[in-house]
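No value in this document is a laboratory result; all are computed from the given coordinates. Being a predicted model, the structure only gives us computed values, none of them experimental.
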């Protein structure tokens, strides 16, 4: 869910080394680190640009 290739390397390092129980809170406070787009199709979903997957959805 986290875009580890994002521009804010300091924030990404902070999230990486934050205690597991606090990671979700830190990500939600900084939505710019979430990989986008989030595409949903019923019960299916993808993170990031995945047109090959989307073509298989009916």
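Points to keep in mind about this one:
- Rounded to the nearest 10 degrees, the inclination of helix 20-29 to the longest alpha-carbon principal axis of the chain is 70 degrees.
- Cα gyration tensor shape of the chain, rounded if a/c is under 1.5, else prolate or oblate by comparing a/b with b/c: prolate
- Extension gain, residue 26 to residue 50, is 6.0 nm, computed as 0.36 nm per intervening residue step minus the present C-alpha separation.
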